[in-house]
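Presented below is the structure to which this report refers.
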Amino acid sequence: MNIIVFSGSPRKRGNTDLLADAFVAGATSQRANVEKIRLIELKYSPCIECGGCDETGKCILKDDLTEIYPKIESADVVVLASPMFFYNITANSQALVERSQAFWVRQYVLKQGEIGGKRRQGIFLSAGATKGKLLFDGSLRVMRYFFDAIGGDLAAALLIRGAEKKGEIKEIPGALETAERLGSCAASNGDYSQIEGLWVPGGKNK
Ligand SMILES: Cc1cc2nc3c(=O)[nH]c(=O)nc-3n(C[C@H](O)[C@H](O)[C@H](O)COP(=O)(O)O)c2cc1C
C-alpha cells in the first residue's frame with residue numbers, strides 16, 4: 001500500500017500540516033508505505049499550457065514535479081492537505097492540480113488506460129478560519145476533478161472550520177484524532193462510512 005501525502009500549506013506545523021501528520025501517523029500504524037511531501041519545499045511552475053503533453057501524456061517541464069509523477073502513478077492513495085486561501089486551495093496546491101493535466105491527457109485523449117495500471121483513492125484534508133456553510137464547496141469540486149485526472153476518486157474529506165492561528169487545530173475537538181483514524185482506515189479497509197465527521201461522496205456532511 002503506497003500512500004503519498006501532499007501538504008500544501010506554506011506554514012510548517014500549521015493546521016493542515018498537522019492534519020497531514022496525523023493522517024501519516026494513522027497510515028503508518030497500518031504499515032503502509034507513506035511519503036509526505038511539503039509542496040512549498042519544491043520548485044515547480046503551474047501548467048504553462050504548452051501542449052507538450054498532448055502527444056505523449058507526459059509533462060515536458062523539467063522541475064521538481066518531474067520526479068513526483070511516478071510517485072503518483074505508483075500510489076494507491078493520494079492525499080492533498082491544504083488550507084482555504086480565498087475560498088480555494090493554496091496556489092502551490094493548485095499548481096500541482098494543474099500539472100496533473102498530463103495524466104488527464106493520458107486517460108481521456110490518448111486512451112492509454114489507467115494511470116499506473118490501477119485506480120487510487122483521493123483524500124482531501126482542509127481547514128479554514130471561518131465557519132461558512134459553503135467554505136469548502138469550490139475546493140471539493142476541484143478535488144473531484146484532480147483525483148479523477150490522476151486516475152482516482154475523491155473518497156473522503158476532512159474539513160475543519162474555525163481554525164485560524166497556527167496550531168489552533170489542536171484545540172478543535174476530534175480534528176487530529178479523526179485525521180489519524182482516516183489515515184489508518186485509508187491504509188486498511190478504506191471504509192470511511194464508520195468515521196464520524198467526514199465528508200464522503202453522496203453524504204450530508206460538509
Ligand atoms: C492568504 C490567506 C487567505 C485566507 N483565506 C481564507 C478564506 O477564504 N476562508 C477562510 O475560512 N480562511 C481563510 N484563511 C485562513 C486560513 O485558512 C486558516 O488560518 C487556516 O487554518 C490556515 O491553515 P494552515 O495553518 O494549514 O496554513 C486565509 C489565510 C490566508 C493566509
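The values are calculated or read from the model by the stated rules, or taken from the named source; none is laboratory data. In this text the structure is predicted, and so the values were computed from the model without any measurement. As a convention, Cβ positions derive from the backbone with ideal geometry for all residues, glycine included, and neighbour counts pool all protein chains shown.
Brief remarks on what is shown
- Search result, residues across segment 53-89 that are within 16 Å of the ligand (Cβ to nearest atom) and surrounded by fewer than 21 Cβ atoms within 10 Å (Cβ to Cβ): 85, 86, 87, 88
- Top-ranked residue in segment 69-96 [being touching a residue at least 40 places away in the same chain (Cβ under 8 Å) and assigned to a loop (DSSP other than H, G, I, E, B); ranked as farthest from residue 118 (Cα to Cα)]: 87
- Yes/no for residue 182 being farther than 18 Å from residue 153 by Cα, assigned to a helix (DSSP H, G or I) and of a type in the set (A, V, I, L, M, F, W, C): no
- Hits in segment 3-42 - residues which are within 14 Å of the ligand (Cβ to nearest atom), of a type outside the set (A, V, I, L, M, F, W, C) and assigned to a strand (DSSP E or B): 7, 36, 38
- Condition check for residue 192: of a type in the set (Ser, Thr, Tyr), more than 19 Å from the chain's Cα centre (by Cα) and away from the ligand (no atom under 16 Å from the Cβ): no
- Scanning segment 124-171 for residues that are of a type in the set (A, V, I, L, M), more than 10 Å from the ligand (Cβ to nearest atom) and either surrounded by 14 or more Cβ atoms within 10 Å (Cβ to Cβ) or closer than 19 Å to residue 195 by Cβ (or both) yields a total of 11.
- All conditions but one from (1) hydrophobic (A, V, I, L, M, F, W, C); (2) under 22 Å from residue 9 (Cα atoms); (3) not in a helix (DSSP H, G or I) apply to residue 140; the one that does not is (3).
- Some residue of segment 111-122 being within 24 Å of residue 196 (Cβ to Cβ), surrounded by 22 or more Cβ atoms within 10 Å (Cβ to Cβ) and not polar (S, T, N, Q): yes
- Qualifying residue in segment 9-30 (condition: at pLDDT 95 or above, of a type outside the set (Lys, Arg) and more than 30 Å from residue 162 (Cα to Cα)): yes
- Residue count for segment 131-150 under the criterion of being without any contact (Cβ under 8 Å) to a residue 60 or more places away in the chain and closer than 17 Å to residue 120 by Cα: the result is 5.
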